[in-house]
Protein chains: 2
Amino acid sequence: MEIKDIIMGRRSIRLFEQKTLPDAEIRDLLDCARTSPCASNLQQLRFIVIQDFLLAKEIFQLTAWANLVKPHRNPQWGVSAPRCFIAVIADAQANPTIYADAGAAIQSMQIMAWSRGIGCCWLGSIKRDRIKAILELPEDKQVMYLLALGYPAESPLAEDIPIDKPVYYYLDDENRLHVPKICLDDVASWR
Amino acid sequence: MEIKDIIMGRRSIRLFEQKTLPDAEIRDLLDCARTSPCASNLQQLRFIVIQDFLLAKEIFQLTAWANLVKPHRNPQWGVSAPRCFIAVIADAQANPTIYADAGAAIQSMQIMAWSRGIGCCWLGSIKRDRIKAILELPEDKQVMYLLALGYPAESPLAEDIPIDKPVYYYLDDENRLHVPKICLDDVASWR
């Protein structure tokens, strides 16, 4: 697959096969995350891989999914839920630009994952304080995001739209998720 | 090249060949940026490609580079400076998580670029207000970052370090930039 097709074709996955990811694949994702660019090369992010069955279940229950198509992309534990998460951790007092570092690291992992047939969902709607307590993080740390991981059991589709059309994702009659993306000439200009 | 090697091998480039990038390559980068994940798929980022020779020169003069190895990675206009920039634009009042969107979009562009032999430098140390004025942005917009683009005229090298060693990048006797990256088992833990 050409790398442009991997990057453009990657979509968030919210329904997963109930298969375990090999540790070696997860290590490759973490290698991509840790070598991603970050402000002044300070490398302030940390990562916690959550694989334990009961712990993953507990974490899963503190996540929210795809608000616009509720409940059709709320995965069910033991049926379609991810069985692995990577928690992205930072200092609680970090500068807001830590979000840029996190975005780059997470996108590196997502592109790497997609190239191996692994799907991800970048979760920002999570109960951070409870996850922090479960993971027994020190007071001065925060959970920024979770990345849910697993083999895809859905195949969402992007479609180009002009900038005056709604960006809301939706399900078609066959339960396939469509993700509108604003066309190139409407998001970019040239000087 | 395997995609893991592209993602892990990509380094920030600060010395560039004085060759023009084809528009088609820049469009591919923008396609990767616009289809990157973003909070609620809202797609609030915009991109301005700066190619005009005099405008690029003016923008270049408002950028700062690699503070720790000054002045050895301050490219010189007409000799080693990038001849193209992509400005990443957002609403001035955007939520701080817009930084996460920007990080993901920029990393998509950087990975795509690297796979085509194009180097980038993600610039955060820039004179935002003056760039905003030069680009004639409306009051309610902000310049988040610049991505400098061009064909690499240096080949920086990452090296793994344990977490208790300094993360400062440095130049060796042959003027090659070394970029320490904290080893996997020191940034990640497993549960």
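Read the figures in this text as sums done on the coordinates, not as results from a lab. Since the model is a prediction, treat every value here as computed from it, not as a measurement. Virtual Cβ from ideal backbone geometry, glycine too; neighbours counted across all protein chains shown.
General observations
- Computed [θ] at 222 nm, helices only, for chain A once each DSSP H run of length n ≥ 4 contributes -39500 (n - 2.57): -8500 deg cm²/dmol
- Database remark: amide H of B:A153 closer than 5 angstrom to the amide H of B:L15, B:F16, B:E17 (H placed geometrically; neighbours at sequence offset of 5 or more, or on other chains; Pro and chain starts carry no H).
- For the range B:72-176, GluC sites (Glu not before Pro) are listed when DSSP marks them as loop and at most 14 other Cβ atoms sit within 10 Å of their Cβ; the list is B:E136, B:E139, B:E174.
- Gap separating the Cα centres of the range B:119-154 and the range A:83-124, nearest whole Å: 24
- Among the GluC sites (Glu not before Pro) within the range B:2-58, those in coil by DSSP and having at most 14 neighbouring Cβ atoms inside 10 Å are B:E2, B:E17.
- The equivalent ellipsoid that matches the C-alpha gyration tensor of the range B:3-155 spans semi-axes of 23, 20, 14 angstrom, in descending order.
- Reachable aspartates and glutamates from A:K127, criterion Cα separation under 20 angstrom, eight or more residues apart if same chain: A:D52, A:E58, A:D91, A:E136, A:E139, A:D140
- The amide H of B:I161, built 1.01 Å from its N in the peptide plane, has B:K181, B:I182, B:C183 as neighbours under 5 Å, considering only residues 5 or more places off or on other chains.
- Kirkwood hydrodynamic radius of the protein assembly as shown, Cα pairs, Å: 21.2
- Looking at the range A:1-95, the trypsin sites (Lys or Arg not before Pro) that sit in a DSSP loop and have at most 12 other Cβ atoms within 10 Å of their own Cβ are A:K19.
- Under Karplus coefficients 6.51, -1.76 and 1.60, residue-wise ³J(HN,Hα) of the range A:65-80 in Hz, glycine/proline x: 9, 5, 3, 6, 10, 4, x, 6, 10, 8, x, 9, 4, x, 10, 9
- Of all lysines in the structure, those lying under 30 Å Cα to Cα from B:K165, and not within fewer than 8 positions of it along the same chain, are A:K132, A:K141, B:K4, B:K70, B:K181.
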